[in-house]
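This report concerns only the one structure given below.
Quick note: the coordinates plus some simple rules give every number you see, no bench work behind them. Worth saying up front: this structure is predicted, and the values here are computed from it rather than measured. Please note: Cβ atoms are built from the backbone with ideal geometry, for glycine as well, and neighbour counts cover all protein chains shown.
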Amino acid sequence: MPNLFTLVLQIAVILVVCRVVGGLFRLLRQPRVVGEMFAGILLGPSLLAWVAPHFSDYLFPPSSLGYLNAFSQVGIVIFMFLVGLGINPRELKGQGHAAVLASHVSITAPFVLASFLALYLYPRLSDDSVAFTHFALFMGAAMSITAFPVLARILAERNALGSRLGTVAIACAAVDDITGWCILAYIVTLIRAVKSPTPIWMTLGGIIVFAVIMIYGVRRLLRWFEIIYTERGSLSENLMALMLLLVLASALCTEALGIHLLFGAFLLGAIMPKERHFVRYVLDRFETITVTMLLPLFFAFTGLRTNIGLLKGAEMWVYCGLIILVATVGKLGGSMLASWLAGMGLREAAGLGTLMNTRGLMELVILNIGLDVKVISPALFSMMVLMALVTTFMTTPLLNAICPIRIAPKEPAGAEVAVAQLSMKSTDTSAA
Amino acid sequence: MGRISPANRTFVVAYILLVGLPLLGLVGVLRSGRGLVAPISVDGVWKFVTDGPNPPAGMCGKSLASIQDSLVTISQSGSRLTLTLNNGSTATGSGVIERTSLNATVPLSWQPMNEPGCGSNTVVMLSATVNPKAEARAMQGTISVNDCASCSTVNYQALRQTRSGRSEAH
């Protein structure tokens, strides 16, 4: 049984620290999520356990962390559903060469550069229980992800959602996220298959069958949610409960198939109807408790696993610097070069590259999966968390430097706009 | 068949150069990386069993006894190790592994026993040889105390119990 006093105290402290630090980062014109990520690190061994070890042991005794993790995982499952709900790959249609090339290059460039970096890091930061192929593929997937919700929020703040830069960036981020999660699902399947008695072809076959059933079967049934919403202007509590039940069922299916809970939640969100008002309505119902309470728990749990003290010596900081450099050159440089070659202006192309380099919470989700399946070591995990923080933090100031003039707003359309607009409703419920 | 417009030609060339070629490079990287050798894995929870009397004779015997028959969690990042004693003290130390040779130190600052000549500056040193070919990973070596001629040196064997270290916080 959990110690309820400890658990409630933990939640209270985490909420206070995340609100305060998130608020301070808002003053620096940063998305709140960057501050909350930073707050998580402050609560872990990198600061609290270092300066006040006894208080840290009292507040976060190891025996209590399982419950904290369980809460945070529930939050992440719902959050991944909301991320899937907000993205719409159809947005890529009609965007022309720039979007197609930029979206594909923004995956391949960081992926390949990260795999080259893996040649250097594998003997230094991994061990022989991890196959090089798994290590390199994971590094590639982790570096090629984009934080779709943060990107949408930054664009909304700049009134740039309807601009060419905005629409191309949203389309690219949607494609990136879907591709990135598919690649990650494949990698996790490979890693888990090594220790599983089930043959990998059976696991992969099961996943494909599940995906086909979801996309061509369940998707049609999900349209009823939108039809009922259009007729009545709202969904009953029973229907909302049914939707949540479907999220959990889909998550459990992918977990049982040998990948991860989060893939099922993401897939269900991705195949939901994308009508703008419907998406906004569903987000409105789910987001507040998820973003204000459950996600900070995830940030804190991630912070408790992040130990910057493991980066001892100049050598380790050089590795960390290399990771940040490769992640930035691959994502920012790759997207910028591709969109420039496809006909975008240099300034606009640089803006797109900067936006695509935002990693935010999505990166933390992937890194936690990597640490859970033991494909990355604790020190590498800490370096990658720092990379996620730095690349997310640099987005707003870089964008201000590259595109200082606010782009005139146009009428935006699409489900992802609902994500951003909802985020704009209140700084307190900013999407992560 | 119509002619390809200059814009489309640029797109196709750029796509081949920026997407196709890098993917070929990825295949090359994955092939060449197979030959890389990473440090032996010692990550996980280890059960230490020491030889001889408990507590060991000589100075710092009680301190060494606290490691005897206890569980030690090793967290590994490449060749760098972090050791945590699960004997109620949660004392942590650091170490390295080079090929099959493991060396680590754990400060006794947590030790409440206040043995004479065994103060807070005392450091327990572990050295061991890991047997990578054993079905369950095992190691054997010695535990000693630094700068202490009259302290005991204890031989030990250790067997890895689980590899759960990385999935937990702290």
Return a whole-number percent for the relative contact order of chain A, with Cα pairs under 8 Å and 6 or more residues apart as the contact set.
-> 31 percent
log10 I(q)/I(0), Debye, Cα-only the protein assembly as shown, no solvent, q = 0.11, 0.12 Å⁻¹?
-> -1.06, -1.23
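First select every other residue whose beta carbon is under 9 angstrom from the beta carbon of A:Val385; then total the charges, Lys and Arg +1, Asp and Glu -1. Mind dumping the intermediate values first?
Numbers: positive: A:Arg305; negative: A:Glu363.
Net charge around A:Val385: 0.
Mind running the shape call on the range A:112-265? Use the C-alpha gyration tensor, a ≥ b ≥ c as the square roots of the eigenvalues: rounded below 1.5 for a/c, prolate if a/b tops b/c, oblate otherwise.
Verdict is oblate for the range A:112-265.
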What does the charge add up to near B:Val96, with Lys and Arg as +1, Asp and Glu as -1, over the other residues with Cβ less than 13 Å from its Cβ?
-> +1
Lysine pairs in the protein assembly as shown 8 or more apart or on different chains: how many have alpha carbons under 19 angstrom apart?
-> 7
Mean separation of Cα contacts under 8 Å (at least 6 apart) over the residue count of the range A:1-85, i.e. the relative contact order in percent, is 28 percent
1/(1 + (r/R0)^6) with r = Cβ-Cβ of A:His54 and A:Tyr186, R0 = 41 Å, i.e. FRET efficiency to nearest 0.05, evaluates to 0.40
Cβ-derived FRET efficiency at R0 30 Å, B:Asn86 paired with B:Asp51, nearest 0.05 | 0.90
Could you give the DSSP H helices of chain A that reach 24 angstrom or more along their long axis (alpha carbon positions) and whose average Kyte-Doolittle hydropathy is no lower than 0.5?
-> A:4-27, A:65-86, A:96-125, A:164-195, A:237-256, A:378-402
Two-site label geometry, A:Arg219 and A:Lys195: point separation in nm, points 7 Å out along Cα→Cβ = 3.4 nm
Where in the range A:250-273 does the label zone of A:Met202 land, with the point 7 angstrom along Cα→C-beta and an amide N cut-off under 15 Å?
-> A:256-259
Compute the projected area of the convex hull of the Cα atoms of the range A:94-169, averaged over all viewing directions, and report it in nm² to one decimal place.
-> 6.3 nm²
